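First the structure, in the form of structure tokens, and then the observations on it.
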Amino acid sequence: MFVSGFTIVRNAVKYDYPIVEAITSVLPLCDEFIVAVGNSEDETLALIQNISDPRIKIIQTVWDDTLREGGRVLADETNKAYAAISPQADWCFYIQGDEVIHENSYAELKQAMLDYKDDNRVEGLCLRYRHFYGSYDYVGDSRKWYRREVRIIRRYDGITSYRDAQGFRFKDGRKLKVKLLNAYVHHYGWVKPPEAQQAKQQSFHKMWHDDQWMKENIPAVDAFDYSQIDSLALFTGTHPAVMLTRIGRMNWKFSIDPTQKKWGVKMRFLMWLEKKWGWRIGEYKNYVKL
């Protein structure tokens, strides 16, 4: 079995992305790893080069900053990385620059790729998510966070990154048929120093919206206000080993009472229904579960 990892990255140093941790968390499962490094304003290229693993193959790209509608530039860059994957790949493991895989998921991930390698009905593998917010101690537990997404796909010419690169579909729009695993992705995109988070917001939303929307919706402040979140839960598990050094460097304070929920009556009912039966009404699913 041949497994290729792939990701995209730009300005990882400037916006404090845990891209090194993301890549190294997937490397133990990979035979090669494609990193599409976009034109950056910092030392991102050197950061990736310093990982110094022979499995890593860097391609340098130029982002089309005119693709501002719906985050299309992210899908465009992801497709460049996907196209650079070796044709011999059985599976392609996609990881975003703020996502990390826990080592306690390696056995399940490897076994699933082996089990379904020759089962062409299975076009991808879907992973579960933990979305950290504010600090490494809290996870989002409301309906605003997506619960699952496809991160392992076949090496098919017909598959393309979809919309803003959250997931994948076939070029004709058909959803991938996937198996849902119990393995988790730890998403750390909302855990940064408040100043870095605000800078990221100002840069990130430019990939979705025009200048007028930015002016009306992104406040011109120095630090991000983490207190605006609707609901969090205390995280009682463990973090991936590759994240421990970064977690130890955390230099800002964030605390919140997780028992306080900023929900209306409708949201309280929907959350009660989900917690009791595991059913999320109206959930967006970018895949078909087998």
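We did not get these values from a lab; they are worked out from the coordinates using the rules stated. What you see is a predicted model, and the numbers here were worked out from it, not measured in a lab. Note that each Cβ is placed from the backbone with ideal geometry, even for glycine, and that neighbours are counted across all protein chains shown.
Observations on the model:
- Close amide H pairs (under 5 Å, H built 1.01 Å from N) link Tyr162 with Gly167, Phe168, Arg169, residues at least 5 positions away or on another chain.
- Principal axis dimensions, segment 215-290 - Cα atoms, whole angstrom, descending: 39, 39, 29
- Rounded to 0.05, the FRET efficiency of the Lys117 and Ala223 pair, given R0 = 45 Å and the Cβ-Cβ distance, is 0.40.
- Net lengthening on full extension, Lys177/Gln88 (0.36 nm per residue, minus Cα-Cα): 29.9 nm
- Going by neighbour counts of Cβ atoms within 10 Å, the residues Glu41, Glu195 line up, fewest first, as Glu41, Glu195.
- Compactness index (Cα Rg / 2.2 N^0.38 Å), segment 1-136: 1.07
- DSSP beta bridge pairing in the chain, given as percent antiparallel to the nearest 5: 40 percent
- Solvent-free Debye calculation, one equal scatterer per alpha-carbon of the chain: log10 I(q)/I(0) at 0.10, 0.11, 0.12, 0.15 Å⁻¹ equals -0.55, -0.67, -0.82, -1.33.
- Translational D in µm²/s for segment 1-61 (Stokes-Einstein at 37 °C, 0.692 mPa s, Kirkwood Rh from C-alpha pairs): 283 µm²/s
- Efficiency of FRET from Cβ geometry, Val13 and Thr259, R₀ 30 Å, rounded to 0.05: 0.20
- Pairs of Cα atoms nearer than 8 Å and 6+ residues apart set the relative contact order; for the chain it is 21 percent.
- Among the listed pairs Lys192/Lys262; Lys14/Lys177; Lys192/Lys261; Lys171/Lys275, those beyond 27 Å (Cα-Cα): Lys14/Lys177; Lys171/Lys275
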